[in-house]
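Asker: Let me give you the structure first, and then I'll get to my questions.
The values are calculated or read from the model by the stated rules, or taken from the named source; none is laboratory data. This is a predicted model, so every value here is computed, not measured. Here the Cβ positions follow ideal geometry from the backbone for every residue, glycine too, while neighbour counts run over all protein chains shown. Surface areas here come from the heavy atoms of the whole protein model, side chains and all, with no ligands, DNA or RNA. Shrake-Rupley method; radii C 1.70, N 1.55, O 1.52, S 1.80 Å.
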Amino acid sequence: MRGEALRVEVLHEPSQGRSAGYPVLIGARIIEDLPDLLTEHAPAYRYAIISDTTVAGLHGARAESALRGAGLDVSVFDFPPGEENKTREEWSRLSDRLLEERFGRDSVLIALGGGVTGDLAGFVAATYMRGIPLVQVPTSLLAMVDSSVGGKTGVDTPAGKNLIGAFHSPALVMADTSLLSTLPPEQLRSGLAEAVKHGAIADAEHLEELSGAAAALTAAEPGPLARVVERSVRIKAGVVSRDPFEGGERKILNYGHTLGHALETLSGYTILHGEAVAIGMVLEARVGESIGLTAEGTTERIAGVLRRLGLPTVPPTGIGAEAVIETTLLDKKARAGRVEYSLLTEPGRAAPPFEVAAEVVRRVLREAGMG
Ligand SMILES: NC(=O)c1ccc[n+]([C@@H]2O[C@H](COP(=O)([O-])OP(=O)(O)OC[C@H]3O[C@@H](n4cnc5c(N)ncnc54)[C@H](O)[C@@H]3O)[C@@H](O)[C@H]2O)c1
Ligand SMILES: [Zn+2]
C-alpha cells in the first residue's frame, strides 16, 4: 500500500447471519490505493461510481482515472447535491441508469460522497438485482466519522427522513482525509460535532484530543483529521458490531439527536445537522444533570469542546420550547406520548435510554432562553 492507512474492523457476530465484517481504512491520499483495495475486497466485472455533481466535479475524475489506469471497468453516475435529492425518485432514476447500461450482478457500486450519497447509493446497491456489493468512499467528515459505517441505507419521503431503506453493510469503507480539503468549513464543523458525540458517549480522551487539536482540525489538516476519524470510527464500529440492527446499545448514538433533530426540523434545515446536534448535546446534558442522571459539570465540559471547534451551543432565536417538545413527540422513536432520551452519566460514558417527562425538558429549554 502506498499511503499510510489506519485500519478499523467492523465485525459481525456469526449469530447475526453475516459471515464476516468489513475493514474501514483511513488516511491521507489513500484514494490512490483504491484500485488495489477494490481488487482485494470487492472484486467485480464492472464498477459504478455514484456521486453528487459537486463531489463528482471535484473528485470524480481522479477516482475514475485511478480505477481505469488499473485496468478496471468503471462508469460515473451523478445526481444533484442535497438532502432534497435523497428520494425514491432519485433512487429509481439511478437504478434505471444502471439497468440501461446493463450492469449485472457481477458489478460493485461505489458511493463517493457525503452522507446523502452514501445513503442513496447504498439503497441502490441494497436493492439492485436484490443486492450488489457496496463500497463506501466518504468525502464529507460526517460521512467519514458516522454515516459510511454501520450499514444503514435509505431515502427520505414527504412523511419524514430515512423512512424507507435497508441495512446493507459495505464490503469496504475507504476514508481519504485529504479529500476534506475541498469541504466547506461549516460542513467540516458539522462532522466534528458527531466526533464530539462519540467522545461524549464512549471516550473522554477523545474529547480531550478534539479540544487540544481544535485549530488543526478546523484547518482541515489531513493527519490530525485521520486520527480523529479513526478514533470515532473505532467507537461507532464497536457499537454497530455489537448491535447491528439497533436492538439496544446502538441507541446511545442518538445522544444530542432527540432535541437536535427537533431544532434542525424547526429551523427549516437552515442550521446544519451537526450544528443542531451540537446544541442538542448541550441541552440534553443539561436535561441529564437536572434529573441527577448526568454528573454535574458535564454540560460545561461538552460545551467547552464544542466552542473550541467553532460549533454553536445555544439554541437559535425564534424557535419556541413548546414547538420543540411537540416535534420530539412526532419523532418515529416516540411511543405513547413518551420520549426516550439517550443521555450521559458523565463525559465519556452513556446511560441506558431514559424516558424523560416533558416538564423537565420544558424547564431546561426555558432556562436556555427559549420562549
Ligand atoms: N446511514 C447512516 O448511518 C447515517 C448517519 C448519519 C447521517 N446520515 C445521513 O447523512 C446525510 C448527511 O451527510 P452529509 O452531511 O455528508 O451531507 P451531504 O452528502 O449532502 O454533503 C454535504 C455537502 O458537502 C458536499 N461535499 C461532500 N464532500 C465534499 C468534499 N470533499 N468537497 C466539497 N464538497 C463536498 C456535498 O456535495 C454536499 O453539498 C443525511 O442525509 C443523514 O440522514 C446517515
Ligand atoms: Zn447525526
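Asker: Quick check: anything in region 112-122 assigned to a loop (DSSP other than H, G, I, E, B), closer than 18 Å to residue 43 by Cβ and touching a helix residue (DSSP H, G or I) at 6+ places or on another chain (Cβ under 9 Å)?
Answerer: No, because not a single residue in region 112-122 is assigned to a loop (DSSP other than H, G, I, E, B), closer than 18 Å to residue 43 by Cβ and touching a helix residue (DSSP H, G or I) at 6+ places or on another chain (Cβ under 9 Å).
Asker: Right, another one. Starting from residues that are more than 21 Å from residue 227 (Cβ to Cβ) and open to solvent by less than 40 Å² (accessible area, probe 1.4 Å), keep the ones in region 160-196 and report whichever is farthest from ligand 1 (Cβ to nearest atom).
Answerer: 171
Asker: Are any residues in region 63-92 charged (D, E, K, R), under 24 Å from the mean Cα position of the chain (by Cα) and open to solvent by 60 Å² or more (accessible area, probe 1.4 Å), and if so, which ones?
Answerer: 78, 83, 84, 88, 89
Asker: Could you tell me whether any residue of region 108-129 is within 12 Å of ligand 1 (Cβ to nearest atom) and over 17 Å from residue 90 (Cβ atoms)?
Answerer: no
Asker: For region 219-240, which positions are touching a residue at least 60 places away in the same chain (Cβ under 8 Å) and open to solvent by 20 Å² or more (accessible area, probe 1.4 Å)?
Answerer: Answer for region 219-240, where residues must be touching a residue at least 60 places away in the same chain (Cβ under 8 Å) and open to solvent by 20 Å² or more (accessible area, probe 1.4 Å): 222, 223, 227, 230, 234.
Asker: Scan region 130-157 residue by residue and report those that are near ligand 1 (Cβ under 8 Å from one of its atoms), assigned to a strand (DSSP E or B) and of a type outside the set (Ser, Thr, Tyr).
Answerer: Across region 130-157, the qualifying residues are 138, 152, 154, 156.
Asker: Here's something else I'd like to know. I'd like the residue in region 164-187 that is among the hydrophobic types (A, V, I, L, M, F, W, C) and either part of a helix (DSSP H, G or I) or within 16 Å of ligand 2 (Cβ to nearest atom) (or both) and, out of all such residues, is farthest from the chain's Cα centre (by Cα).
Answerer: The extreme case among them is 179.
Asker: Quick one: in region 37-62, of everything that is within 16 Å of ligand 1 (Cβ to nearest atom) and among the polar types (S, T, N, Q), which residue is surrounded by the most Cβ atoms within 10 Å (Cβ to Cβ)?
Answerer: Only one residue tops the list, namely 51.
Table: residues versus (1) crowded, with 21+ Cβ neighbours inside 10 Å; (2) in contact with a strand residue (DSSP E or B) (Cβ under 8 Å, 6 or more places away or on another chain); (3) outside any loop (DSSP other than H, G, I, E, B).
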{"residue": "289", "(1), (2), (3)": "no, no, yes"}
{"residue": "293", "(1), (2), (3)": "no, yes, no"}
{"residue": "301", "(1), (2), (3)": "no, no, yes"}
{"residue": "313", "(1), (2), (3)": "no, no, no"}
{"residue": "325", "(1), (2), (3)": "no, no, yes"}
{"residue": "345", "(1), (2), (3)": "no, no, yes"}
{"residue": "362", "(1), (2), (3)": "no, no, yes"}
{"residue": "365", "(1), (2), (3)": "yes, no, yes"}
{"residue": "370", "(1), (2), (3)": "yes, no, no"}
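Asker: Could you list all residues from region 84-108 that are closer than 17 Å to residue 44 by Cβ and in a loop (DSSP other than H, G, I, E, B)?
Answerer: Of everything in region 84-108, those that are closer than 17 Å to residue 44 by Cβ and in a loop (DSSP other than H, G, I, E, B) turn out to be 101, 102, 103, 104, 105, 106.
Asker: Still on this structure, I have one more. If only one of 275, 246 is outside any loop (DSSP other than H, G, I, E, B) and within 12 Å of ligand 1 (Cβ to nearest atom), which one is it?
Answerer: That would be 275, the only listed residue that is outside any loop (DSSP other than H, G, I, E, B) and within 12 Å of ligand 1 (Cβ to nearest atom).
Asker: Follow-up question, since we're still on this one. Given 241, 190, 232, which one is away from ligand 2 (no atom under 16 Å from the Cβ) and either on the phi > 0 side of the Ramachandran plot or not hydrophobic (A, V, I, L, M, F, W, C) (or both)?
Answerer: 241
Asker: Pairs please, first residue from region 269-281 and over 11 Å from residue 313 (Cβ atoms), second anywhere and within 12 Å of ligand 2 (Cβ to nearest atom) and basic (Lys, Arg), Cβ atoms under 7 Å, 6+ apart in sequence or on different chains.
Answerer: The qualifying pairs are 277/197.
Asker: Limited to region 249-268, what total is found for residues that are open to solvent by 40 Å² or more (accessible area, probe 1.4 Å), without any contact (Cβ under 8 Å) to a residue 24 or more places away in the chain and assigned to a helix (DSSP H, G or I)?
Answerer: Result for region 249-268: 1.
Asker: Something else about it: What residue, among those in region 148-159 that are under 23 Å from residue 95 (Cβ atoms) and open to solvent by less than 30 Å² (accessible area, probe 1.4 Å), is nearest to the chain's Cα centre (by Cα)?
Answerer: Looking at the filtered set, the residue picked out is 148.
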